[in-house]
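To start, the structure itself, in structure tokens.
The values are calculated or read from the model by the stated rules, or taken from the named source; none is laboratory data. Just so you know, these numbers come straight off a predicted model, no measurement behind them. Please note: Cβ atoms are built from the backbone with ideal geometry, for glycine as well, and neighbour counts cover all protein chains shown. Quick note on the areas: whole protein, heavy atoms, side chains included, nothing else; ligands and nucleic acids left out. Shrake-Rupley method; radii C 1.70, N 1.55, O 1.52, S 1.80 Å.
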Amino acid sequence: MEHTPLPCDTLVTAGLIVTQDDERRLLPNAALAITDGRIAALGPAEELSRRFVPAAALDLSGCLVLPGLVNTHTHAAMTLLRGLCDDAPLTTWLSAHIWPAEARLTAEAVRLGTALACAEMLASGTTCFLDAYLFVDAVADAAAASGLRAVLCQGVFEIENAGFKTVDAAFASAAALADRLAGHDRLRPAIFPHAVYTCSAATLTRCAAFARDRQVLLSTHAAETAKENEDCRAANGTRVIPYLHGLGLLGPGRLLAHGVALDAADMGLLAATGTAVAHCPKSNLKLASGIAPVEALRRAGVTVGLGTDGAASNNALNLFGEMGTAALVQKVATGDPTALEAGAALDMATRDGAAALGWPELGRLTVGGPADLCALDRSRPQLAPGLDPVSDCVYAASGGEVCCTMVAGKVLYRDGAFPGLDYPGLLRAFREASGRITGRTP
Ligand SMILES: [Zn+2]
């Protein structure tokens, strides 16, 4: 029986759709019908082309289509500081290089640094990111203009900085951000106490109360190094994870970045409280922090997403690099080549990362869900012959194969160009701003 075709905004035809739905279905020669930024239908291309009359058609028939990737930990505007200091210990890197440069930050520089980061993320398939940095209003301006989704955190810490003078001012800014983003369809507010070594117990507790009262995510750096545990024990009598637990910072809607130096009791606490972890393998390797026990965390039932960390400690904002690295280092760390298989790494970059952000409808392509996707050009040599598309994404792809990225049904990146963005103008202004902050010109 024939039905009258339905209108839709866009009909996307794809060579292969990796849905990342609950069944992890792979759909060859498939299509997505998109209306009002959401997926109205998903199925065989031939069937959908009969069922729908689209206002626009997007031909990705030569592509592998994935859900947009989710970056659960970054400091986007640190693109301004990329390459300023590499190959140094974390404490030296922070206190001798990063913090002095950050003292020269301005809201406009942060806006430009975030905008450049958004372009970089779109070009490598990322459609949602969690950001924690200074001048959150400027971050929100850039994220709003970029078209990406984001969880935007007000950073809180008790060291002198360019963004705020007092902790009270940081909380006032956090409250204003929550008001500003209330009801926003792409941006969500959150709070980010920097770490146990830069925030007092009173400030950490106040952040937890803020998250509870305003119903927002709380994220923090935690257990990034063994030294952090030793220092925490010396200062507070206990390791980082039980210390955070005692202050009420663990639980659902709580996301710990790094989680490298965790023992079995720490992992038990994270699992029991429903606390998620943002794994940042390249940052941890570069700063020689160690390898997070991701396989053990996942087995314990902890939700683990992937993060790039900032561009001054990675130095790229590319989740394809993180997926491959995450899988490889787990094999070495456990001595087991079956550890963190490709499918698990892809889950972390998509649906698990979305769950870690408390935004579970992201990171998967399902009917009724948001039309956030990225497409990889299957004609590239490294994706041939294409026997296992999930393995190809994790072990073979570099991210440079991404030829189209869409958020909420809108194409934000296509074949090297950013529709609606004056990218050459952004790049020029970004380079000038970076030169002012770092005191260096390339
Ligand atoms: Zn970080």
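Free of Cβ contacts under 8 Å to residues at least 60 places away in the same chain and assigned to a loop (DSSP other than H, G, I, E, B): does that describe residue 340?
Yes, satisfied.
Quick one: how many residues across the range 127-152 are more than 16 Å from residue 183 (Cα to Cα) and within 16 Å of the ligand (Cβ to nearest atom)?
Qualifying residue count for the region: 8.
May I ask you to verify whether residue 278 is farther than 21 Å from residue 352 by Cβ and either among the hydrophobic types (A, V, I, L, M, F, W, C) or in contact with a helix residue (DSSP H, G or I) (Cβ under 6 Å, 6 or more places away or on another chain) (or both)?
Against the criterion (farther than 21 Å from residue 352 by Cβ and either among the hydrophobic types (A, V, I, L, M, F, W, C) or in contact with a helix residue (DSSP H, G or I) (Cβ under 6 Å, 6 or more places away or on another chain) (or both)), residue 278 does not qualify.
For the subset of the range 271-298 comprising residues that are of a type outside the set (Gly, Ala, Ser) and in contact with a strand residue (DSSP E or B) (Cβ under 7 Å, 6 or more places away or on another chain), which member is farthest from residue 325 (Cα to Cα)?
The residue in question is 275.
Is it true that residue 377 is charged (D, E, K, R) and surrounded by fewer than 24 Cβ atoms within 10 Å (Cβ to Cβ)?
When the stated conditions are applied, residue 377 passes them.
Determine which single condition residue 87 fails, assuming it passes every other condition in (1) assigned by TED's automatic domain parsing to the domain that holds residue 401; (2) on the phi > 0 side of the Ramachandran plot.
(1)
Confirm whether residue 27 is in contact with a strand residue (DSSP E or B) (Cβ under 9 Å, 6 or more places away or on another chain), crowded, with 18+ Cβ neighbours inside 10 Å and free of Cβ contacts under 8 Å to residues at least 24 places away in the same chain.
Considered against the rule, which asks whether it is in contact with a strand residue (DSSP E or B) (Cβ under 9 Å, 6 or more places away or on another chain), crowded, with 18+ Cβ neighbours inside 10 Å and free of Cβ contacts under 8 Å to residues at least 24 places away in the same chain, residue 27 comes out as yes.
Consider the range 242-275. How many of its residues are closer than 26 Å to residue 133 by Cβ and of a type in the set (Ser, Thr, Tyr)?
2
Test each condition in (1) within 16 Å of the ligand (Cβ to nearest atom); (2) without any contact (Cβ under 8 Å) to a residue 24 or more places away in the chain for residue 89 and report the one that comes out false.
With (1) within 16 Å of the ligand (Cβ to nearest atom); (2) without any contact (Cβ under 8 Å) to a residue 24 or more places away in the chain applied to residue 89, the lone miss is (2).
Report yes if residue 286 is without any contact (Cβ under 8 Å) to a residue 60 or more places away in the chain, open to solvent by 10 Å² or more (accessible area, probe 1.4 Å), assigned by TED's automatic domain parsing to the domain that holds residue 84 and within 13 Å of the ligand (Cβ to nearest atom), otherwise no.
It is false that residue 286 is without any contact (Cβ under 8 Å) to a residue 60 or more places away in the chain, open to solvent by 10 Å² or more (accessible area, probe 1.4 Å), assigned by TED's automatic domain parsing to the domain that holds residue 84 and within 13 Å of the ligand (Cβ to nearest atom).
Of the residues that sit in the range 336-363 and are closer than 15 Å to residue 296 by Cα and among the charged types (D, E, K, R), which one is least open to solvent (accessible area, probe 1.4 Å)?
The extreme case among them is 336.
Among the residues of the range 70-84, count how many are open to solvent by 10 Å² or more (accessible area, probe 1.4 Å) and away from the ligand (no atom under 12 Å from the Cβ).
3
Is it the case that residue 240 is among the hydrophobic types (A, V, I, L, M, F, W, C) and within 14 Å of residue 266 (Cβ to Cβ)?
So residue 240 passes the test.
Among the numbered criteria (1) under 15 Å from residue 146 (Cα atoms); (2) surrounded by 18 or more Cβ atoms within 10 Å (Cβ to Cβ); (3) at pLDDT below 95, which one does residue 406 miss?
With (1) under 15 Å from residue 146 (Cα atoms); (2) surrounded by 18 or more Cβ atoms within 10 Å (Cβ to Cβ); (3) at pLDDT below 95 applied to residue 406, the lone miss is (3).
Has the range 315-325 got any residue that is part of a strand (DSSP E or B) and under 19 Å from the mean Cα position of the chain (by Cα)?
no
Which residue out of 293, 281 is in contact (Cβ under 8 Å) with a residue 40 or more places away in the chain, crowded, with 23+ Cβ neighbours inside 10 Å and more than 16 Å from the chain's Cα centre (by Cα)?
Going through 293, 281 in turn, the sole match is 293.
So which residues in the range 213-254 are hydroxyl-bearing (Ser, Thr, Tyr) and more than 16 Å from the ligand (Cβ to nearest atom)?
Answer for the range 213-254, where residues must be hydroxyl-bearing (Ser, Thr, Tyr) and more than 16 Å from the ligand (Cβ to nearest atom): 238, 243.
Given the criterion within 16 Å of the ligand (Cβ to nearest atom) and surrounded by fewer than 24 Cβ atoms within 10 Å (Cβ to Cβ), identify the matching residue among 333, 316.
316
Taking residue 32, is it in a strand (DSSP E or B) and open to solvent by 10 Å² or more (accessible area, probe 1.4 Å)?
No; evaluated as a whole, the condition is false for this residue.
Would you mention how many residues in the range 153-190 are within 16 Å of the ligand (Cβ to nearest atom), touching a strand residue (DSSP E or B) at 6+ places or on another chain (Cβ under 9 Å) and β-branched (Val, Ile, Thr)?
The number of residues fulfilling the criteria is 1.
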